[in-house]
Amino acid sequence: MSDSQETIPTPESSKPLVSLPTTKVARAARFAKTGLKVGTNYVKHYAKRSVGVNSTTEDLHAANAAELYGALSEMKGSVLKVAQMLAMEKNILPSAYADQFAQAQYQTPPLSGPLVIKVFRDTLGRSPYEVFDEFDINARQAASIGQVHFARKDGKSLAIKVQYPGVADSIRSDIRLVKPIALRVLGLAESQVRPYLEEVETRLLEETDYKLELRRGTEIATQSAHIPHLEFARYYPEYSSARILTMDWLSGQHLKEFLATNPSQAVRNQLGQALWDFYAFQIHTLRQVHADPHPGNFLLRADDGGVLGVLDFGCVKDIPADFYEHFFALLEPGVLADEAHLASLLTQLEVLRSDDPPAQRELYLRTIGASLELVARPFQQPTFDFGDEAYIQSLYALGDDLMQQPELRQQREPRGSRHFIYVNRTYVGLYALLSELKAEVRTEMPILSSAVKP
């Protein structure tokens, strides 16, 4: 990033945080306080309606979304990261929640200066002013796990990511705190969700390991250097630690600000192609992927026909060979017409089970077939236009359409390999970015010779 880079303005309500609830008791108390306020909002809503005062459901959602987002912003860490993930799923949340949670992709209340200095002294043994020639104590961006500061050293412009205190220690306790509530709401047993919660917990813990992020970011950037129109930051281990990560400051704008400059279709296409090629190379060659493709993790420039800067390698998903083979075999042409092959693949992916009743089996085959027909379209032709609004609207409406089916609403038990969580998340984010760019890109998938039919 260059120091002339446009940054996301901090909302007036996003005052610097002078402390964080880091203990299990403190975070439980913050959850309880939020639950009480949300309950009060419901009481007020129904009280107003009972006396003839207009109070819409949208008003209720807006009030609760603001309260919930305020709590998540204060608590940081895993709970805010989950909100960020939900904001990418446009058809899951009411718009008031999605709009609030989307802020987590760009800007949340930052830590105060004294807390930032304390993190430096605790992990590097020196204040940031002793480490760098110049250091801006005001965060340029603040998100779920850490915040970014601008610095200079030996003439280089640097981005310094500072992790929030207590984030790593709070992840397990946060999940244990939320799990009983989620299980009651969903009507599920702990054993049914354990593999998925373990997967999320593992990825979240990895995101707090800045030494791991430095290694992965360096390796993936080096391996992806041949892909045109991509830019990666160089990392500086000598100025990094378990909770501080120092890298080059890349130039560019985040997606929303970039699109406001009205870039040409040619620039949109080149950026979209770089994005698609980057993910295709990771998934099909490296078998690991930057699994956090939300708008806050990319910087875009129009020079040289379009350059894409890639940020934040905290969430990287390794893709097991057997899952890869069966998952991408689902996207090949002709699979939907071969029910035996489709059923075999879905069994290998833990969606279907040998003891499923015939009616339930048919339901899963029918609904998954409808989903695959849409999701697989970009893979089954040489180029695809993500600016096709009818396609994107159909994709976002898919979840709503499926949940209108009474039989499917009754199937509450989660199905599928735990590896679906972050691979699906990757493609949800990728499709969303490409649709915002309205890019037309070459998308044809490589032939999977290793996918074996039954």
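The values are calculated or read from the model by the stated rules, or taken from the named source; none is laboratory data. Bear in mind that the values here come from a model prediction, so they are computed numbers and not experimental data. When we count neighbours, we look across all protein chains shown, and the Cβ atoms used for this are built from the backbone with ideal geometry, even at glycine. Ligands, DNA and RNA are stripped out before the accessible areas are found, and what is left, the full protein with its side chains, is counted by its heavy atoms. Shrake-Rupley method; radii C 1.70, N 1.55, O 1.52, S 1.80 Å.
Assorted remarks:
- Approximating the spin labels as points 7 Å out from Cα along Cα→Cβ, the ALA242-to-ASP318 distance works out to 2.1 nm.
- Amide proton proximity set for GLU440, modelled H, under 5 Å, gap of 5+: ASN269, PHE386
- Sorting ARG377, ARG215 by solvent-accessible area of protein heavy atoms yields ARG215, ARG377, largest first, with a 1.4 Å probe.
- Three-way shape label, the range 276-321, alpha-carbon gyration tensor, a/c 1.5: oblate
- Computed with every protein chain present, the accessible area of ARG194 is close to 100 Å² [probe 1.4 Å].
- Going by accessible surface with a 1.4 Å probe and the largest first, SER371, SER224 read SER371, SER224.
- Backbone amide hydrogens, once placed in the peptide plane, bring LEU111 within less than 5 Å of LEU17, excluding anything fewer than 5 places away on its chain.
- For the range 203-284, the solvent-accessible area works out to 39 Å² per residue, with a probe of 1.4 Å and every protein chain left in place.
- For the range 268-394: rounded, prolate or oblate by the Cα gyration tensor [a/c cutoff 1.5]: prolate
- Inter-label distance for GLU198 and THR261, nm, one decimal - labels placed 7 Å from Cα along Cα-to-Cβ: 4.7
- Candidate residues GLU190, GLU436: accessible-area rank, largest first, probe 1.4 Å: GLU436, GLU190
- Residue-wise HN-Hα coupling along the range 254-267, computed from phi with Karplus coefficients 6.51, -1.76, 1.60 (Hz; x: Gly, Pro): 6, 4, 4, 5, 5, 5, 5, 7, 6, x, 5, 5, 5, 5
- Accessible area of the range 287-397 divided out per residue, in Å², using a probe of 1.4 angstrom: 39
- Nearest-10 value in Å² for the accessible area of ASP303, using the 1.4 Å probe: 70
- Cα-Cα over 20 Å, subset of LYS317/LYS438; LYS118/LYS317; LYS211/LYS317; LYS161/LYS256: LYS317/LYS438; LYS118/LYS317; LYS161/LYS256
- Evaluated with a Cβ-only charge set (Lys, Arg +1; Asp, Glu -1), the range 286-337 carries a dipole of roughly 60 debye about its Cα centre, given to the nearest 20.
- Spin-label pair GLU134/ARG442, simplified geometry with 7 Å Cα→Cβ offset, distance in nm: 4.2
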